[in-house]
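What follows is calculated from the coordinates using simple rules that are stated; it is not laboratory data. Only a predicted model underlies this, so the values are computations on that prediction, with no experimental measurement involved. Counting neighbours? That spans all protein chains shown, and the Cβs are built from the backbone with ideal geometry, glycine included.
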Ligand code: ADP
């Protein structure tokens, strides 16, 4: 076994790999960009070396630097994590040339699976079922359109070199093909430096089911069952689970065997995932093979009692697989939710900023491999590279954490997931926590009515209209504001006796605004506390206790508990499993501000202008796409907020813009 490894990654996966290495007594070397000098992955490794500026191209993707770092620190092997260099055959080759072990498959297997098109050709010859489509070399636009016409709409365009849903475009009609092809190629060249595409039949209501495979250098290859990753937004996974609901033993075996056949066809070694797209009737087609550890590998670890990073290390060190196929079995059910810095209400736009407050549900310290099979694994696991005070920058993936839960069955796991999400407290940037909670509690997800369109189809239920903040949350916010401000009489404003009063009565008015509008809370001084009135409701309220940010109140006869965190004029209340954001201050002033923001066409985040879809003087309708920005490696369309006239375009294609700058002058009709 190795004595020291270098981890060529950042964030949660670097921390995850380091945890297993530490358990096995292997020393770790971290590498970091200038933006990550203070990052958690640097703190949890034994040594760390700087490799360059923040942009990944100048740091995490510079493999000569990384190989030098490994040689300089005496590391014997490099773990690439996922993303970055994990599926880069040149990097794998360079490691070997430098006498370092690449903890991953042979470069030839990465090459074979690296292009979705080439992989399909290979699988076709190995008799693995494929989605009808064209995956050849001819990239002529008219030819491709002809292929799409022949396949029948809707079709899906994919970047051959693709990953992470980037470049993917659904085309509904022949007339739309050309525009979609352009946009797909543009994103493909930006993200992968390769604009080749393939065309596939777009399946209706499919499920994404993938098989974890593992092979060693002694000719053994096993499958560690399936993961269902059907719940996606923008073709990217949001919730994953293992095993897949409704999977029969026969189908499990045939998919497992097809995956092993795919791995064997390319002489695979190490951890890999064969992705299938499955119809509701159970028929399945090969989509692609990911030649690395997947983000969602923890759900497989939880149900099989394995530590897949330990397996990777053992296999890379030349040891045989720890278990044979007949020694593997499924124990219980596991779910993973990806907690992202993003705004689900605004089309899942990534959000950047600093995590000002982070409280997580109680999770067992991750003990990889603990309780293999016998005892129940820890019920809640959190894999994260982000701590309170850390920033989510525009340079890297906006994932904050992976929340993984285990239960004896799916229902138990679901209940735990919903409880764990309720206990998450994140302040400082927009997150998808509340959305995830609605999603796991939604009827279709609870009854496992899964397919890749679940979120879109249940949009109305998953994005309910904003509701006025309920009395308990308002009472908590008011309590925190009054408690924080001290008090002119010097006494405790909550003390029922003594206290202070003005002419015998005192009414305090606090103005709040939330997504649904503004609310005025009136607090009247009473002998035993205060009377509270808001939105036509009235209750008596008394402060029972306060500990740091946690307040306990009596609201009439009920006890109400919650955490209140102030960020300037914003008050965050966490109570009853919800996060309520209130603005405190003059509600009218605030409403004006919000309106102005909606009318100005500003960059939601730093990025680059990639296309202008309108021109000076154009008269457009509400919702008309005006320009496309690329930020955080994704395209964002800026649309007209109302019908009106484009008065001026302020930037050209290729310009870099910073967050909040005005992009164009627009006059609403
Ligand atoms: P990437 O490598 O960019 O993640 P994949 O090929 O793995 O792309 O596909 C990502 C997701 O896109 C799938 O999980 C599925 O939801 C959807 N998808 C892919 N191919 C099809 C198809 N032919 N029909 C319908 N949906 C598809």
Inset, instruction - Would you please give the FRET efficiency between residue 546 and residue 463, computed as 1/(1 + (r/R0)^6) with r the Cβ-Cβ distance and R0 = 25 Å, to the nearest 0.05? - result: 0.15
Inset, instruction - Between residue 125 and residue 608, take the C-beta separation as r, use R0 = 45 Å, and let me know the FRET efficiency to the nearest 0.05. - result: 0.65
Inset, instruction - For the range 4-103, list log₁₀ I(q)/I(0) at each q in 0.18 Å⁻¹, using the Debye formula over Cα point scatterers of equal strength and ignoring solvent, two decimals each. - result: -0.72
Inset, instruction - May I ask you to derive the FRET efficiency for residue 616 and residue 281 from their Cβ-Cβ distance with R0 = 56 Å, giving the value to the nearest 0.05? - result: 0.60
Inset, instruction - Before anything else, pin down the relative contact order of the chain: Cα pairs under 8 Å, at least 6 apart, normalised by residue count, whole percent. - result: 9
Inset, instruction - Express as a percent, rounded to the nearest 5, the fraction of DSSP beta bridges in the chain (both residues included) that run antiparallel. - result: 90
Legend entry - Projected-area mean, the range 183-302, by convex hull of Cα positions, square nanometres: 8.5
Legend entry - Compactness relative to 2.2 N^0.38 Å, alpha carbon Rg of the range 222-286: 1.14
Inset, instruction - Principal axes first, then extents: for the Cα atoms of the range 119-176, list largest minus smallest coordinate on each axis, whole Å, largest first. - result: 36, 26, 19
Legend entry - Added length on full extension, which subtracts the Cα-Cα distance from 0.36 nm per residue, residue 254 to residue 1: 87.6 nm
Inset, instruction - State, as an integer percentage, the relative contact order of the range 595-668 based on alpha-carbon contacts under 8 Å between residues 6 or more apart. - result: 41
Inset, instruction - Over the alpha-carbon set of the chain, work out the extent along each principal axis and list the three values in angstrom, largest first. - result: 89, 66, 52
Legend entry - Calculated [θ] (222 nm, deg cm²/dmol) that DSSP helices of n ≥ 4 give over the chain, each run adding -39,500 (n - 2.57): -8000 deg cm²/dmol
Inset, instruction - Report the extension gain between residue 23 and residue 531 in nm, rounded to one decimal, defined as 0.36 nm multiplied by the number of residues separating them, less their alpha carbon distance. - result: 177.2 nm
Inset, instruction - Apply the Kirkwood formula to the range 618-669: the hydrodynamic radius equals the inverse of the mean of 1/r over all pairs of different alpha-carbon atoms; give it in Å with one decimal. - result: 11.7
